[in-house]
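A quick write-up on the structure given underneath.
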Amino acid sequence: MIPQLESVTPLVVKATKTSPSTMNMSNLTLTMSPIEDPSICRVTGDAISESWTSPLDNGINYCSLEDLIIGSGLNNTLGFKEFTSNWICLGYTLGSCTVTSLNRKI
């Protein structure tokens, strides 16, 4: 399912995504925070499933965040770099993501 954009502010992007197979919903949040270099912004992402039964989700939460980043165009920002791992994002290497376009709800 395509992420549903819920809200956008200068520092926070929020969306939801429902798994078509399990119908579990995840709340997605991208938070931008400035660091010492004013030309650089750190973006952290959270994908929180409403179901407690999916801590090992085969990379679905990672793919949901990737869909949100690509759908919002953040990945096309000059200097964009992704830094993640299985330690940072459980299931990262299990994800086999197919990117879809972002569905705007707001």
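If you go through region 69-94, how many residues are within 19 Å of Thr22 (Cβ to Cβ) and either among the aromatic types (Phe, Trp, Tyr) or not in a loop (DSSP other than H, G, I, E, B) (or both)?
Quick first cut of region 69-94, residues within 19 Å of Thr22 (Cβ to Cβ) only: 90-91, 94.
Filter once more, keeping what is either among the aromatic types (Phe, Trp, Tyr) or not in a loop (DSSP other than H, G, I, E, B) (or both): 94.
Number satisfying all stated conditions: 1.
For residues that are crowded, with 16+ Cβ neighbours inside 10 Å and either touching a Gly at 6+ places or on another chain (Cβ under 7 Å) or among the charged types (D, E, K, R) (or both), scanning just region 41-59, find the one that is modelled with the lowest pLDDT.
Here the answer is Asp57.
Cβ-Cβ distance below 7 Å, separation of 6 or more or different chains: which pairs start in region 10-29 with a residue that is modelled with pLDDT under 80 and end on one that is part of a loop (DSSP other than H, G, I, E, B) and among the basic types (Lys, Arg)?
none
Looking only at residues in region 12-41 that are aliphatic (A, V, I, L, M) and under 16 Å from Asn75 (Cα atoms), which one is farthest from the chain's Cα centre (by Cα)? It would help to see each step written out before you state the result.
If we filter region 12-41 for residues that are aliphatic (A, V, I, L, M), which is where we start, we get 12-13, 15, 23, 25, 28, 30, 32, 35, 40.
If we keep only those that are under 16 Å from Asn75 (Cα atoms) too, we end up with 12-13, 30, 32, 40.
Values: Val12: 12, Val13: 9, Leu30: 6, Met32: 12, Ile40: 19 Å.
So the residue we want is Ile40.
The values are calculated or read from the model by the stated rules, or taken from the named source; none is laboratory data. Keep in mind it's a predicted model, so treat the numbers as computed, not measured. Using ideal geometry, Cβ is built from the backbone for each residue, glycine included, and neighbour counts are taken over all protein chains shown.
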